[in-house]
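Trainee: Below is a structure I'd like to ask you about.
The values are calculated or read from the model by the stated rules, or taken from the named source; none is laboratory data. If you're wondering where the values come from, they're calculated on a predicted model, not measured in any experiment. Ideal geometry is used to build each Cβ from the backbone, glycine not excepted, and the neighbour counts take in all protein chains shown. For the accessible areas, the whole protein counts, side chains as well, though only heavy atoms, and no ligand, DNA or RNA atoms are used. Shrake-Rupley method; radii C 1.70, N 1.55, O 1.52, S 1.80 Å.
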Amino acid sequence: MGEIDDAIERADREAFTKDPPKTLKGQIGYLIKQFGSAKAVAAELGVTADSVNRYRRGARKHARPDVAAKIDDAVKQRWQPMVRKRRQKKAATTGGITVETRARFGYQSSAGSTDDGRFRRLTVKLPATYAQRLFDARDTGASDQEMRGIIAEGFKEIYFQDNGGRAMGLSDVAINDIDYLDLEY
């Protein structure tokens, strides 16, 4: 996962209306319902079906740390899909998406101006069209660099050009050296 994927995942998790199961037995029970069988869960986690059944029965109370992390991630990725879809649909149709970041921004502009990148801390509300493009790109398996490009294009239009009110000679904006990036929708 890239930085943008992680930010979308964090934003999705903030939408949970109910906490996911915390116990190993509860998490495994949920995953078996989602996947349909212990064998399918085992294949997803990289363990044997017998181990999954031991977790489900409570015969094993604790998983190895690496397996426990995989279980936790698998549950959180699948928890409350309708809540996630509803929030993403709202962001992509009306609400937009707020991007908060500290990164190095570089740009190409008209002659006489500098294109040296510099660190900026920005919080920008991008319109719904950018949210839709970002979600579509993620769903089609776009690279982190492609998703950065969508956000950079939104920053160019909304922040640097102020919706067409200034800096019309600005041709490209690039986001590099991301210190942190958070999304909210």
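Trainee: Quick one: how many residues across the stretch 34-92 are in contact with a Lys or Arg (Cβ under 6 Å, 6 or more places away or on another chain) and of a type outside the set (S, T, N, Q)? Lay out the reasoning, then the answer.
Mentor: So the first thing to find is which residues in the stretch 34-92 are in contact with a Lys or Arg (Cβ under 6 Å, 6 or more places away or on another chain), and the list is 34, 45, 49, 54, 58, 60.
The next check asks that each one be of a type outside the set (S, T, N, Q); those that pass are 45, 49, 54, 58, 60.
Final tally of qualifying residues: 5.
Trainee: Could I ask something else about it? If you go through the stretch 130-140 one residue at a time, do you hit one that is at pLDDT below 90 and out of contact with any Pro (no Cβ under 9 Å at 6 or more places or on another chain)?
Mentor: No, the conditions are met nowhere in the stretch 130-140.
Trainee: From the list R78, R13, R104, R84, which residue is under 30 Å from E146 (Cβ atoms), open to solvent by less than 30 Å² (accessible area, probe 1.4 Å) and either in contact with a Phe, Trp or Tyr (Cβ under 7 Å, 6 or more places away or on another chain) or not aliphatic (A, V, I, L, M) (or both)?
Mentor: Within the list R78, R13, R104, R84, the selection yields R84.
Trainee: Right, next: Applying the selection to the stretch 2-19, what residues are more than 18 Å from R86 (Cα to Cα) and of a type in the set (G, A, S)?
Mentor: Scanning the stretch 2-19 gives a single hit, G2.
Trainee: Just one of (1) more than 23 Å from G141 (Cβ to Cβ); (2) free of Cβ contacts under 8 Å to residues at least 24 places away in the same chain; (3) open to solvent by 20 Å² or more (accessible area, probe 1.4 Å); (4) not charged (D, E, K, R) trips up I32, so point out which.
Mentor: Condition (2) is where I32 drops out.
Trainee: Kindly check whether there is at least one residue in the stretch 108-123 that is part of a strand (DSSP E or B), modelled with pLDDT of 90 or more and of a type in the set (A, V, I, L, M, F, W, C).
Mentor: Yes, the stretch 108-123 contains a residue that is part of a strand (DSSP E or B), modelled with pLDDT of 90 or more and of a type in the set (A, V, I, L, M, F, W, C).
Trainee: Can you tell me which residue within the stretch 16-29, out of those that are free of Cβ contacts under 8 Å to residues at least 12 places away in the same chain and more than 30 Å from D144 (Cβ to Cβ), is most open to solvent (accessible area, probe 1.4 Å)?
Mentor: Restricting attention to the stretch 16-29, the residues satisfying the condition of being free of Cβ contacts under 8 Å to residues at least 12 places away in the same chain are 19, 22-23, 26.
Next, from what is left, pick out any that are more than 30 Å from D144 (Cβ to Cβ): 22-23, 26.
On the way: K22: 155, T23: 86, G26: 29 Å².
Only one residue tops the list, namely K22.
Trainee: So in the stretch 39-63, with the set limited to residues that are aliphatic (A, V, I, L, M) and within 26 Å of R84 (Cβ to Cβ), which one is nearest to the chain's Cα centre (by Cα)?
Mentor: Checked the stretch 39-63; the qualifying residue nearest to the chain's Cα centre (by Cα) is L45.
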